[in-house]
1. If I ask for residues that are surrounded by 15 or more Cβ atoms within 10 Å (Cβ to Cβ) and within 16 Å of the ligand (Cβ to nearest atom), which ones from region 36-51 would you list?
2. Just to check your reading of the model, which residue among 212, 155, 204 is small (Gly, Ala, Ser), touching a helix residue (DSSP H, G or I) at 6+ places or on another chain (Cβ under 9 Å), within 16 Å of the ligand (Cβ to nearest atom) and in contact (Cβ under 8 Å) with a residue 24 or more places away in the chain?
3. So, in region 100-122, exactly how many residues are at pLDDT 95 or above, part of a helix (DSSP H, G or I) and under 13 Å from residue 139 (Cα atoms)?
4. Quick one: count up the residues across region 242-267 that are within 16 Å of the ligand (Cβ to nearest atom) and either touching a Phe, Trp or Tyr at 6+ places or on another chain (Cβ under 9 Å) or of a type in the set (Lys, Arg) (or both).
5. Can you go through 93, 78, 83 and tell me which one is under 15 Å from residue 181 (Cβ atoms), in a loop (DSSP other than H, G, I, E, B) and at pLDDT 95 or above?
6. Does residue 293 satisfy being within 13 Å of the ligand (Cβ to nearest atom) and of a type in the set (D, E, K, R)?
7. I'd like to check something: does region 208-219 contain any residue that is buried (at least 20 other Cβ atoms within 10 Å of the Cβ), hydrophobic (A, V, I, L, M, F, W, C), outside any helix (DSSP H, G or I) and at pLDDT below 95?
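The values are calculated or read from the model by the stated rules, or taken from the named source; none is laboratory data. Bear in mind that the values here come from a model prediction, so they are computed numbers and not experimental data. Virtual Cβ from ideal backbone geometry, glycine too; neighbours counted across all protein chains shown.
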Amino acid sequence: MAKAVISSTGLHTPPYAISNQELVDAFNQYVDIQNDRHKAAIEAGEREPLVYSSCDFIYKASGIESRYVVDKEGLLDPTRMRPRIRQRSDDEPSLMAEIAMDAGRQALDAAGRSPEDVDMLLVACSNPQRAYPAVSIELQHHLGLRGFAFDMNVACASAAFGIQTAYDAIRSGTARSVLMVNPEICTGHLNYMNRDCHFIFGDACTAMLIEADDRAPDGGLFEVLGTRTVTQFSNNIRNNFGYLNPAEDPVRDEFDQLFKQQGRKVFKEVTPLVSQLVVGHIEDLGINVPDIKRLWLHQANINMNKLIAKKVYGRDARDAELPSAIHEYGNTSSASPVIVFHLNSGDLQAGDVGVLCGFGAGYSAGSVVVRRL
Ligand code: CO8
(Lines give C-alpha, C1' and ligand atoms only; values in the text may rest on other atoms or scores of the structure.)
Protein backbone atom coordinates (compact mmCIF):
# COMPACT_ATOMS: atom_id res chain seq x y z
CA MET A 1 0.00 0.00 0.00
CA ALA A 2 1.37 3.43 -0.96
CA LYS A 3 2.27 5.90 1.75
CA ALA A 4 0.58 9.31 1.52
CA VAL A 5 2.87 12.33 1.80
CA ILE A 6 2.40 16.09 1.70
CA SER A 7 4.48 17.41 -1.20
CA SER A 8 3.71 21.14 -0.85
CA THR A 9 1.23 23.83 0.19
CA GLY A 10 0.00 27.16 -1.21
CA LEU A 11 -1.66 30.22 0.32
CA HIS A 12 -3.71 32.94 -1.35
CA THR A 13 -4.02 36.05 0.82
CA PRO A 14 -6.64 38.57 -0.40
CA PRO A 15 -5.44 42.10 -1.16
CA TYR A 16 -7.23 44.10 1.55
CA ALA A 17 -6.60 44.05 5.32
CA ILE A 18 -9.12 45.40 7.84
CA SER A 19 -7.98 46.27 11.35
CA ASN A 20 -10.23 45.88 14.39
CA GLN A 21 -10.35 49.67 14.64
CA GLU A 22 -11.66 50.08 11.08
CA LEU A 23 -14.26 47.38 11.64
CA VAL A 24 -15.41 48.77 14.98
CA ASP A 25 -15.59 52.33 13.59
CA ALA A 26 -17.89 51.14 10.78
CA PHE A 27 -20.01 49.07 13.18
CA ASN A 28 -20.40 51.94 15.64
CA GLN A 29 -21.42 54.30 12.82
CA TYR A 30 -24.05 51.70 11.85
CA VAL A 31 -25.26 51.65 15.49
CA ASP A 32 -25.59 55.46 15.51
CA ILE A 33 -27.54 55.42 12.23
CA GLN A 34 -29.92 52.69 13.45
CA ASN A 35 -30.46 54.19 16.90
CA ASP A 36 -31.16 57.57 15.32
CA ARG A 37 -33.60 56.00 12.86
CA HIS A 38 -35.48 54.21 15.65
CA LYS A 39 -35.12 56.99 18.24
CA ALA A 40 -38.84 57.28 18.98
CA ALA A 41 -39.33 53.53 19.46
CA ILE A 42 -36.25 53.35 21.68
CA GLU A 43 -37.44 56.27 23.82
CA ALA A 44 -40.88 54.68 24.09
CA GLY A 45 -39.22 51.48 25.36
CA GLU A 46 -40.52 49.52 22.37
CA ARG A 47 -37.07 48.76 21.01
CA GLU A 48 -33.66 48.06 22.55
CA PRO A 49 -30.91 50.41 21.36
CA LEU A 50 -27.97 48.78 19.56
CA VAL A 51 -24.72 48.78 21.55
CA TYR A 52 -21.19 49.72 20.37
CA SER A 53 -18.55 47.11 19.60
CA SER A 54 -15.03 47.42 21.03
CA CYS A 55 -11.50 46.61 19.82
CA ASP A 56 -10.49 45.77 23.35
CA PHE A 57 -13.21 43.11 23.63
CA ILE A 58 -12.42 41.60 20.22
CA TYR A 59 -8.71 41.23 20.95
CA LYS A 60 -9.16 39.89 24.47
CA ALA A 61 -12.02 37.49 23.59
CA SER A 62 -10.50 36.09 20.37
CA GLY A 63 -6.90 37.23 19.74
CA ILE A 64 -7.93 38.75 16.38
CA GLU A 65 -6.25 42.05 15.40
CA SER A 66 -6.86 42.10 11.65
CA ARG A 67 -8.23 40.05 8.77
CA TYR A 68 -7.82 39.92 4.95
CA VAL A 69 -10.90 40.32 2.77
CA VAL A 70 -11.88 40.12 -0.89
CA ASP A 71 -13.67 43.48 -0.58
CA LYS A 72 -13.17 46.18 2.01
CA GLU A 73 -15.26 49.14 0.93
CA GLY A 74 -18.69 47.43 0.92
CA LEU A 75 -18.48 45.86 4.34
CA LEU A 76 -17.09 49.03 5.95
CA ASP A 77 -19.94 51.10 4.49
CA PRO A 78 -22.34 51.60 7.47
CA THR A 79 -25.27 51.83 5.06
CA ARG A 80 -24.39 48.48 3.44
CA MET A 81 -22.52 46.21 5.93
CA ARG A 82 -21.67 43.42 3.49
CA PRO A 83 -18.93 42.96 0.93
CA ARG A 84 -19.49 44.25 -2.57
CA ILE A 85 -18.72 41.43 -5.01
CA ARG A 86 -19.16 42.03 -8.71
CA GLN A 87 -21.55 39.57 -10.33
CA ARG A 88 -19.57 37.72 -12.99
CA SER A 89 -20.86 36.20 -16.20
CA ASP A 90 -21.02 32.41 -16.55
CA ASP A 91 -18.08 32.64 -18.95
CA GLU A 92 -15.72 34.17 -16.38
CA PRO A 93 -13.94 32.20 -13.65
CA SER A 94 -15.93 32.52 -10.42
CA LEU A 95 -14.27 34.45 -7.57
CA MET A 96 -13.88 31.22 -5.63
CA ALA A 97 -12.22 29.46 -8.56
CA GLU A 98 -9.96 32.50 -9.05
CA ILE A 99 -8.53 32.50 -5.52
CA ALA A 100 -8.31 28.69 -5.61
CA MET A 101 -6.32 28.89 -8.86
CA ASP A 102 -3.72 31.08 -7.18
CA ALA A 103 -3.32 28.82 -4.13
CA GLY A 104 -3.42 25.66 -6.27
CA ARG A 105 -0.78 26.92 -8.70
CA GLN A 106 1.47 27.90 -5.79
CA ALA A 107 1.27 24.35 -4.42
CA LEU A 108 2.00 22.83 -7.85
CA ASP A 109 4.93 25.22 -8.43
CA ALA A 110 6.38 24.61 -4.96
CA ALA A 111 6.48 20.87 -5.69
CA GLY A 112 7.72 21.40 -9.27
CA ARG A 113 4.62 19.62 -10.57
CA SER A 114 2.64 20.24 -13.71
CA PRO A 115 -1.19 20.10 -13.84
CA GLU A 116 -1.18 16.79 -15.76
CA ASP A 117 0.47 15.14 -12.74
CA VAL A 118 -2.67 15.57 -10.63
CA ASP A 119 -5.43 12.95 -10.92
CA MET A 120 -7.84 14.09 -8.18
CA LEU A 121 -8.95 17.55 -7.11
CA LEU A 122 -10.88 18.34 -3.94
CA VAL A 123 -12.47 21.68 -3.10
CA ALA A 124 -13.02 21.31 0.63
CA CYS A 125 -14.60 24.37 2.24
CA SER A 126 -17.51 25.76 4.27
CA ASN A 127 -19.40 27.51 1.49
CA PRO A 128 -19.07 26.49 -2.17
CA GLN A 129 -19.96 29.57 -4.23
CA ARG A 130 -22.90 27.91 -6.00
CA ALA A 131 -24.80 24.64 -6.17
CA TYR A 132 -23.48 23.47 -9.53
CA PRO A 133 -21.47 22.92 -11.59
CA ALA A 134 -19.10 22.00 -8.75
CA VAL A 135 -16.48 24.69 -8.09
CA SER A 136 -13.89 21.89 -8.11
CA ILE A 137 -14.79 20.89 -11.68
CA GLU A 138 -14.59 24.53 -12.77
CA LEU A 139 -11.19 24.75 -11.08
CA GLN A 140 -10.05 21.50 -12.68
CA HIS A 141 -10.89 23.05 -16.05
CA HIS A 142 -9.02 26.32 -15.38
CA LEU A 143 -5.95 24.57 -13.94
CA GLY A 144 -5.88 22.00 -16.74
CA LEU A 145 -5.90 18.99 -14.43
CA ARG A 146 -6.87 15.48 -15.54
CA GLY A 147 -8.80 12.86 -13.53
CA PHE A 148 -11.80 13.91 -11.46
CA ALA A 149 -12.88 16.60 -9.01
CA PHE A 150 -15.56 17.10 -6.38
CA ASP A 151 -16.61 19.57 -3.67
CA MET A 152 -16.95 18.64 -0.02
CA ASN A 153 -18.21 20.66 2.93
CA VAL A 154 -17.53 19.88 6.58
CA ALA A 155 -17.42 23.54 7.73
CA CYS A 156 -14.18 24.58 9.44
CA ALA A 157 -13.05 20.94 9.57
CA SER A 158 -13.21 20.63 5.76
CA ALA A 159 -9.43 20.64 5.20
CA ALA A 160 -8.84 17.90 7.78
CA PHE A 161 -11.62 15.81 6.23
CA GLY A 162 -10.17 16.62 2.80
CA ILE A 163 -6.72 15.36 3.79
CA GLN A 164 -8.35 12.19 5.12
CA THR A 165 -10.16 11.72 1.79
CA ALA A 166 -6.88 12.22 -0.10
CA TYR A 167 -5.02 9.86 2.27
CA ASP A 168 -7.67 7.15 1.76
CA ALA A 169 -7.66 7.63 -2.03
CA ILE A 170 -3.87 7.31 -2.24
CA ARG A 171 -3.73 4.27 0.02
CA SER A 172 -6.53 2.51 -1.85
CA GLY A 173 -5.03 3.40 -5.25
CA THR A 174 -7.98 5.53 -6.45
CA ALA A 175 -5.58 8.44 -6.97
CA ARG A 176 -1.83 9.03 -6.92
CA SER A 177 -1.67 12.81 -6.72
CA VAL A 178 -4.41 14.81 -4.99
CA LEU A 179 -4.69 18.58 -4.95
CA MET A 180 -6.89 19.81 -2.11
CA VAL A 181 -7.89 23.48 -1.99
CA ASN A 182 -9.81 25.39 0.67
CA PRO A 183 -11.23 28.62 -0.75
CA GLU A 184 -13.00 30.47 2.06
CA ILE A 185 -14.82 33.72 1.31
CA CYS A 186 -16.24 33.84 4.84
CA THR A 187 -17.09 37.55 4.66
CA GLY A 188 -19.98 36.71 2.30
CA HIS A 189 -21.76 34.81 5.06
CA LEU A 190 -20.96 37.00 8.04
CA ASN A 191 -23.52 39.29 9.69
CA TYR A 192 -21.66 42.61 9.96
CA MET A 193 -24.64 44.07 11.86
CA ASN A 194 -24.23 41.65 14.77
CA ARG A 195 -21.59 42.73 17.28
CA ASP A 196 -21.35 39.19 18.72
CA CYS A 197 -19.74 37.90 15.53
CA HIS A 198 -18.94 40.80 13.14
CA PHE A 199 -15.20 40.54 13.88
CA ILE A 200 -14.67 36.79 13.54
CA PHE A 201 -13.97 35.88 9.93
CA GLY A 202 -11.57 36.74 7.15
CA ASP A 203 -11.05 35.40 3.61
CA ALA A 204 -8.21 33.21 2.29
CA CYS A 205 -7.52 30.12 0.24
CA THR A 206 -5.06 27.34 0.97
CA ALA A 207 -3.92 24.40 -1.13
CA MET A 208 -2.14 21.17 -0.30
CA LEU A 209 -0.67 18.58 -2.65
CA ILE A 210 -0.95 15.07 -1.18
CA GLU A 211 0.70 12.27 -3.16
CA ALA A 212 1.86 8.69 -3.12
CA ASP A 213 5.42 8.72 -1.73
CA ASP A 214 6.97 7.07 -4.78
CA ARG A 215 5.52 9.85 -6.93
CA ALA A 216 6.28 12.89 -4.78
CA PRO A 217 9.41 14.97 -5.53
CA ASP A 218 12.20 13.76 -3.19
CA GLY A 219 9.64 11.54 -1.46
CA GLY A 220 7.62 14.49 -0.09
CA LEU A 221 7.92 16.91 2.84
CA PHE A 222 5.74 15.16 5.45
CA GLU A 223 4.40 11.63 5.70
CA VAL A 224 0.75 11.44 6.78
CA LEU A 225 0.90 8.89 9.61
CA GLY A 226 -2.84 8.79 10.13
CA THR A 227 -6.11 10.70 10.13
CA ARG A 228 -9.14 10.58 12.43
CA THR A 229 -12.44 12.42 12.19
CA VAL A 230 -15.41 12.84 14.50
CA THR A 231 -18.83 14.53 14.24
CA GLN A 232 -21.50 15.33 16.83
CA PHE A 233 -24.69 17.24 16.00
CA SER A 234 -25.12 20.73 17.41
CA ASN A 235 -27.17 23.79 16.49
CA ASN A 236 -24.73 26.11 18.27
CA ILE A 237 -23.11 27.09 14.95
CA ARG A 238 -25.73 27.33 12.24
CA ASN A 239 -26.55 28.95 8.93
CA ASN A 240 -29.99 28.37 7.38
CA PHE A 241 -28.95 29.56 3.94
CA GLY A 242 -29.84 26.95 1.33
CA TYR A 243 -31.42 26.14 -1.97
CA LEU A 244 -34.92 25.80 -0.46
CA ASN A 245 -34.91 29.40 0.89
CA PRO A 246 -36.83 30.87 -2.08
CA ALA A 247 -39.54 28.20 -1.68
CA GLU A 248 -39.92 28.48 2.09
CA ASP A 249 -43.18 29.82 3.42
CA PRO A 250 -43.03 32.16 5.26
CA VAL A 251 -39.90 33.67 3.73
CA ARG A 252 -36.92 33.25 6.04
CA ASP A 253 -35.40 36.34 7.66
CA GLU A 254 -32.23 37.47 5.81
CA PHE A 255 -30.16 37.35 9.04
CA ASP A 256 -31.15 33.68 9.40
CA GLN A 257 -29.36 33.05 6.11
CA LEU A 258 -26.06 34.21 7.60
CA PHE A 259 -23.63 32.66 10.10
CA LYS A 260 -24.72 32.64 13.75
CA GLN A 261 -23.33 30.91 16.80
CA GLN A 262 -23.56 30.54 20.57
CA GLY A 263 -19.84 31.27 20.91
CA ARG A 264 -19.50 30.54 24.61
CA LYS A 265 -21.26 27.16 24.31
CA VAL A 266 -19.12 26.29 21.28
CA PHE A 267 -15.98 27.15 23.22
CA LYS A 268 -16.99 24.93 26.17
CA GLU A 269 -18.20 21.96 24.12
CA VAL A 270 -15.63 21.87 21.30
CA THR A 271 -12.50 22.27 23.47
CA PRO A 272 -12.84 18.82 25.17
CA LEU A 273 -14.06 17.21 21.92
CA VAL A 274 -10.92 18.33 20.08
CA SER A 275 -8.37 17.65 22.83
CA GLN A 276 -9.75 14.12 23.35
CA LEU A 277 -9.72 13.47 19.60
CA VAL A 278 -6.08 14.55 19.28
CA VAL A 279 -4.78 12.74 22.38
CA GLY A 280 -6.64 9.52 21.48
CA HIS A 281 -5.37 9.65 17.92
CA ILE A 282 -1.74 10.23 18.92
CA GLU A 283 -1.79 7.43 21.50
CA ASP A 284 -3.44 4.95 19.12
CA LEU A 285 -0.65 5.63 16.63
CA GLY A 286 1.83 4.63 19.35
CA ILE A 287 3.27 8.13 19.64
CA ASN A 288 4.05 9.71 23.00
CA VAL A 289 2.41 13.11 23.54
CA PRO A 290 5.73 14.78 24.60
CA ASP A 291 7.10 13.82 21.16
CA ILE A 292 4.56 16.08 19.41
CA LYS A 293 6.60 19.04 18.25
CA ARG A 294 3.79 21.16 16.83
CA LEU A 295 0.03 21.66 16.80
CA TRP A 296 -1.44 23.41 13.74
CA LEU A 297 -4.94 24.14 15.00
CA HIS A 298 -8.04 25.74 13.52
CA GLN A 299 -7.83 29.48 14.19
CA ALA A 300 -11.17 30.36 15.80
CA ASN A 301 -9.96 31.69 19.11
CA ILE A 302 -6.47 32.03 20.61
CA ASN A 303 -7.70 31.30 24.15
CA MET A 304 -9.48 28.16 22.97
CA ASN A 305 -6.34 26.94 21.20
CA LYS A 306 -4.19 27.54 24.29
CA LEU A 307 -6.67 25.49 26.34
CA ILE A 308 -6.78 22.66 23.77
CA ALA A 309 -2.96 22.60 23.67
CA LYS A 310 -2.79 22.59 27.47
CA LYS A 311 -5.18 19.62 27.60
CA VAL A 312 -3.07 17.80 24.99
CA TYR A 313 0.36 18.49 26.55
CA GLY A 314 -0.76 18.53 30.21
CA ARG A 315 0.99 21.93 30.54
CA ASP A 316 1.00 25.31 28.81
CA ALA A 317 2.23 24.95 25.23
CA ARG A 318 5.41 26.77 24.26
CA ASP A 319 5.04 29.33 21.44
CA ALA A 320 6.94 27.10 19.00
CA GLU A 321 4.54 24.23 19.72
CA LEU A 322 1.41 26.28 19.05
CA PRO A 323 1.93 28.69 16.15
CA SER A 324 -0.88 31.13 15.47
CA ALA A 325 -2.11 33.24 12.57
CA ILE A 326 -5.39 34.42 14.08
CA HIS A 327 -4.04 37.87 14.95
CA GLU A 328 -3.39 38.57 11.24
CA TYR A 329 -5.95 36.43 9.34
CA GLY A 330 -8.85 36.05 11.82
CA ASN A 331 -10.87 32.87 11.42
CA THR A 332 -10.62 31.67 7.82
CA SER A 333 -12.66 28.51 8.46
CA SER A 334 -11.17 25.39 6.85
CA ALA A 335 -8.17 27.29 5.43
CA SER A 336 -6.95 28.28 8.88
CA PRO A 337 -5.04 25.16 10.09
CA VAL A 338 -3.43 24.92 6.64
CA ILE A 339 -2.37 28.60 6.88
CA VAL A 340 -0.52 27.94 10.16
CA PHE A 341 0.96 24.77 8.67
CA HIS A 342 2.04 26.64 5.51
CA LEU A 343 3.69 29.41 7.53
CA ASN A 344 5.16 27.28 10.33
CA SER A 345 6.36 23.86 9.19
CA GLY A 346 9.56 24.51 7.21
CA ASP A 347 11.74 24.62 10.33
CA LEU A 348 10.86 21.13 11.62
CA GLN A 349 13.62 18.51 11.51
CA ALA A 350 13.43 15.06 9.87
CA GLY A 351 11.50 12.75 12.20
CA ASP A 352 9.59 15.55 13.99
CA VAL A 353 5.90 14.79 14.46
CA GLY A 354 3.05 17.31 14.45
CA VAL A 355 -0.76 17.38 14.37
CA LEU A 356 -2.95 19.45 12.05
CA CYS A 357 -6.47 19.78 13.41
CA GLY A 358 -9.61 21.46 12.02
CA PHE A 359 -12.87 21.81 13.97
CA GLY A 360 -16.11 23.73 13.80
CA ALA A 361 -19.76 23.60 12.81
CA GLY A 362 -21.54 20.27 12.87
CA TYR A 363 -19.83 19.85 15.29
CA SER A 364 -17.03 18.32 13.23
CA ALA A 365 -13.34 17.79 13.94
CA GLY A 366 -10.44 16.12 12.17
CA SER A 367 -6.91 15.22 13.30
CA VAL A 368 -4.05 14.62 10.87
CA VAL A 369 -0.75 13.34 12.32
CA VAL A 370 2.32 13.97 10.15
CA ARG A 371 6.05 13.24 10.34
CA ARG A 372 8.70 15.46 8.73
CA LEU A 373 10.68 13.55 6.11
N1 CO8 B 1 -17.79 44.33 21.56
C2 CO8 B 1 -17.99 44.53 22.89
N3 CO8 B 1 -18.65 43.65 23.67
C4 CO8 B 1 -19.15 42.54 23.10
C5 CO8 B 1 -19.00 42.28 21.74
C6 CO8 B 1 -18.29 43.23 20.95
N7 CO8 B 1 -18.09 43.06 19.63
N8 CO8 B 1 -19.59 41.11 21.45
C9 CO8 B 1 -20.11 40.65 22.60
N10 CO8 B 1 -19.85 41.51 23.60
C11 CO8 B 1 -20.25 41.40 25.02
C12 CO8 B 1 -21.46 40.50 25.19
O13 CO8 B 1 -22.66 41.23 25.03
C14 CO8 B 1 -21.28 40.02 26.61
O15 CO8 B 1 -21.70 41.05 27.50
P16 CO8 B 1 -22.40 40.67 28.92
O17 CO8 B 1 -21.35 39.91 29.67
O18 CO8 B 1 -22.72 42.00 29.47
O19 CO8 B 1 -23.59 39.82 28.56
C20 CO8 B 1 -19.77 39.90 26.75
O21 CO8 B 1 -19.21 40.75 25.75
C22 CO8 B 1 -19.27 38.49 26.56
O23 CO8 B 1 -19.84 37.97 25.34
P24 CO8 B 1 -19.63 36.46 24.91
O25 CO8 B 1 -19.97 35.54 26.03
O26 CO8 B 1 -20.32 36.24 23.59
O27 CO8 B 1 -18.06 36.51 24.63
P28 CO8 B 1 -17.00 35.35 24.67
O29 CO8 B 1 -15.99 35.65 25.68
O30 CO8 B 1 -17.62 33.98 24.67
O31 CO8 B 1 -16.28 35.55 23.24
C32 CO8 B 1 -16.28 34.55 21.05
C33 CO8 B 1 -17.03 35.44 22.04
C34 CO8 B 1 -14.99 35.25 20.66
C35 CO8 B 1 -17.16 34.33 19.82
C36 CO8 B 1 -15.93 33.19 21.71
O37 CO8 B 1 -17.07 32.68 22.39
C38 CO8 B 1 -15.45 32.15 20.75
O39 CO8 B 1 -14.52 32.34 19.98
N40 CO8 B 1 -16.02 30.93 20.83
C41 CO8 B 1 -15.61 29.81 19.99
C42 CO8 B 1 -16.19 29.96 18.64
C43 CO8 B 1 -15.75 28.82 17.72
O44 CO8 B 1 -14.82 28.11 17.95
N45 CO8 B 1 -16.48 28.64 16.64
C46 CO8 B 1 -16.19 27.55 15.77
C47 CO8 B 1 -15.58 28.01 14.53
S48 CO8 B 1 -16.68 28.81 13.46
C49 CO8 B 1 -17.22 27.60 12.36
O50 CO8 B 1 -17.00 26.46 12.47
C51 CO8 B 1 -18.11 28.11 11.27
C52 CO8 B 1 -17.93 27.35 10.00
C53 CO8 B 1 -18.68 28.00 8.92
C54 CO8 B 1 -17.93 29.23 8.44
C55 CO8 B 1 -18.75 30.01 7.51
C56 CO8 B 1 -18.15 31.39 7.23
C57 CO8 B 1 -19.02 32.54 7.65
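1. Narrowing region 36-51 to residues surrounded by 15 or more Cβ atoms within 10 Å (Cβ to Cβ): 38, 42, 50.
If the condition is that a residue be surrounded by 15 or more Cβ atoms within 10 Å (Cβ to Cβ) and within 16 Å of the ligand (Cβ to nearest atom), then 50 is the only one that fits.
2. Values: 212 fails: within 16 Å of the ligand (Cβ to nearest atom); 155 fails: touching a helix residue (DSSP H, G or I) at 6+ places or on another chain (Cβ under 9 Å).
Of 212, 155, 204, the one residue that is small (Gly, Ala, Ser), touching a helix residue (DSSP H, G or I) at 6+ places or on another chain (Cβ under 9 Å), within 16 Å of the ligand (Cβ to nearest atom) and in contact (Cβ under 8 Å) with a residue 24 or more places away in the chain is 204.
3. Of the residues in region 100-122, 6 are at pLDDT 95 or above, part of a helix (DSSP H, G or I) and under 13 Å from residue 139 (Cα atoms).
4. So the answer is 8.
5. Criteria check complete, one pass: 93.
6. Answer is no for this residue.
7. Filtering region 208-219 down to residues buried (at least 20 other Cβ atoms within 10 Å of the Cβ) leaves 208-212, 216.
From what is left, the residues that are hydrophobic (A, V, I, L, M, F, W, C) are 208-210, 212, 216.
Retained after the next criterion (residues that are outside any helix (DSSP H, G or I)): 208-210, 212, 216.
Okay, now just the ones that are also at pLDDT below 95, so 216.
Yes, the conditions are met somewhere in region 208-219.
Conditions tested, residue by residue: (1) among the small types (Gly, Ala, Ser); (2) in contact (Cβ under 8 Å) with a residue 24 or more places away in the chain; (3) closer than 14 Å to residue 24 by Cα.
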| residue | (1), (2), (3) |
| --- | --- |
| 41 | yes, no, no |
| 54 | yes, yes, yes |
| 59 | no, yes, yes |
| 80 | no, no, no |
